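Below is one structure, written out as structure tokens, with a few remarks after it.
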Amino acid sequence: MDSYTIGIDLGGTNLRIAAYAPGASNQQFLARVDLPTRVGAGPASVVKEMAEAIRGLAEGLPRMELRGVGLGTPGPLELPAGILHGLPNLPGWDRFELRREFECALAGAGVRCPVHVESDANVAALAECVLGAGSALGVDSLCMLTLGTGVGNAIILGGAIFSGAHGMAGEAGHLTIWPDGVACNCGNTGCLEVYASATAVRRMAEGAADSGVAPGLKAWRESTGALDAQAVFQLARQGDRDALGIFTTVGIALGIALAGLVNTLDLRLYVVGGGLAGAWEFFSPAMLRELNTRSYVYRLVNERLTDRRIAIVPAVLGPDSGLLGAALLALGAQSREPEI
Ligand SMILES: [Zn+2]
């Protein structure tokens with residue numbers, strides 16, 4: 001009997017659920033359901049909705065065996081217990097026992113199979129490793145930064161997610177870039193996230209428009225009423241000096257962070273994904289310049305070991321990478337858990 005897995009991408013806004021047949025064409029799902037995440041209804045209600053949607057998908061595939069369900073969730077996520085801690089975008093979900101509640105809801109819906117839970121950044125990186133930039137380079141390890149509302153991070157080693165001792169490895173979004181910098185939600189100041197996320201770009205653009213020295217940004221805000229990362233991207237494409245300057249700041253912050261990661265991990269592949277990675281052409285020159293200046297591992301390898309150069313690349317997979325990764329997680333192939 002052919003088998004399949006189900007992946008879930010639980011976001012603060014969207015809930016995506018899809019059935020995936022391993023070995024099938026890379027990004028083709030057998031079936032999928034896209035729903036709004038009814039955050040206000042509370043976590044128990046959302047989990048029940050997920051279980052019902054999975055039962056619906058399974059009933060549509062009666063001649064195939066469901067091998068497992070993989071769930072990618074915003075973190076921090078305590079593993080192996082699968083308990084959520086202090087999610088900024090999901091108010092009311094703090095300390096929710098996601099794994100246990102989800103397993104109960106699945107049993108209640110008559111679905112019996114193994115459940116795997118991981119943070120969303122980790123499953124997106126797993127997909128990028130197995131089906132995206134990792135497979136393109138022929139490696140099974142990578143470090144990924146995801147530039148979205150915040151900055152996500154994940155480390156894949158030997159095809160397996162490196163979760164750390166508590167499930168909380170891969171928080172490089174909160175590496176300190178400038179010690180006396182802008183305050184971050186995590187309690188630190190000057191984190192990577194406050195200089196290299198879409199939220200950071202918007203804050204920097206608003207600040208520049210307020211200061212009166214960035215006429216292009218100010219004019220955009222006056223004509224449209226908003227100044228988000230997409231607006232800054234459009235202005236950069238038009239050659240606006242201040243918009244380009246904001247992406248240079250993004251690049252410098254990323255370069256400083258990557259220098260630390262390259263010096264620490266010595267992997268061959270570092271991937272930059274998320275919506276803001278679409279501005280690669282504007283931030284990557286400063287990022288690579290900063291990385292080259294600050295990381296002697298990067299310089300040594302790329303100058304002397306040229307057949308094994310360190311690659312810094314944009315993500316290959318699109319917005320379904322989290323969904324694909326959750327479905328891959330459910331295969332259980334990445335179950336190697338190093339002792340820490
Ligand atoms: Zn932080």
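Within segment 178-206, residues that are in a loop (DSSP other than H, G, I, E, B) and among the acidic types (Asp, Glu) sit with their Cβ atoms under 8 Å from residues that are near the ligand (Cβ under 9 Å from one of its atoms) and at pLDDT 95 or above, at 6+ positions apart or across chains, in these pairs: 180/189; 180/190.
Filtering segment 294-318 to residues that are touching a Gly at 6+ places or on another chain (Cβ under 8 Å) and surrounded by fewer than 20 Cβ atoms within 10 Å (Cβ to Cβ) leaves 294, 314, 316.
The residues in segment 110-148 that are part of a helix (DSSP H, G or I) and either touching a strand residue (DSSP E or B) at 6+ places or on another chain (Cβ under 8 Å) or at positive phi (or both) can be counted, and the count is 12. Of all residues in segment 264-277, those that are assigned to a helix (DSSP H, G or I) and within 13 Å of residue 145 (Cα to Cα) total 3. Checking the conditions here, which among 55, 67 is part of a strand (DSSP E or B) and either more than 21 Å from the chain's Cα centre (by Cα) or on the phi > 0 side of the Ramachandran plot (or both)? Exactly one of 55, 67 is part of a strand (DSSP E or B) and either more than 21 Å from the chain's Cα centre (by Cα) or on the phi > 0 side of the Ramachandran plot (or both), namely 67. Scanning segment 189-198 for residues that are closer than 25 Å to residue 72 by Cβ and within 12 Å of the ligand (Cβ to nearest atom) yields 191, 192, 193, 194, 196, 197.
Checked against (1) touching a Gly at 6+ places or on another chain (Cβ under 6 Å); (2) in contact (Cβ under 8 Å) with a residue 24 or more places away in the chain, residue 93 passes all but condition (1). Just one of the numbered conditions (1) surrounded by 18 or more Cβ atoms within 10 Å (Cβ to Cβ); (2) touching a residue at least 24 places away in the same chain (Cβ under 8 Å) is not true of residue 158: (1).
Screening the candidates 182, 201, 213 for the property of being in contact with a Gly (Cβ under 7 Å, 6 or more places away or on another chain) and either surrounded by fewer than 22 Cβ atoms within 10 Å (Cβ to Cβ) or at pLDDT 95 or above (or both) yields one hit, 182. Listed by first and then second residue, the pairs with beta-carbon distance under 9 Å, at least 6 apart or on different chains, first residue in segment 278-290 and surrounded by 14 or more Cβ atoms within 10 Å (Cβ to Cβ), second of a type in the set (D, E, K, R), are 282/237.
More than 10 Å from the ligand (Cβ to nearest atom) and modelled with pLDDT of 95 or more: is that true of residue 235 in this structure? Here the answer is yes, as residue 235 does meet what is asked.
Selection of segment 149-177 for residues being part of a loop (DSSP other than H, G, I, E, B) and either more than 14 Å from the ligand (Cβ to nearest atom) or β-branched (Val, Ile, Thr) (or both) yields 149, 158, 159, 162, 163, 164, 165, 166, 167, 169, 177.
The values are calculated or read from the model by the stated rules, or taken from the named source; none is laboratory data. For clarity, every value in this text was computed on a predicted model and none was experimentally measured. A quick note on method: Cβ atoms are made from the backbone with ideal geometry, for glycine too, and the neighbour counts reach across all protein chains shown.
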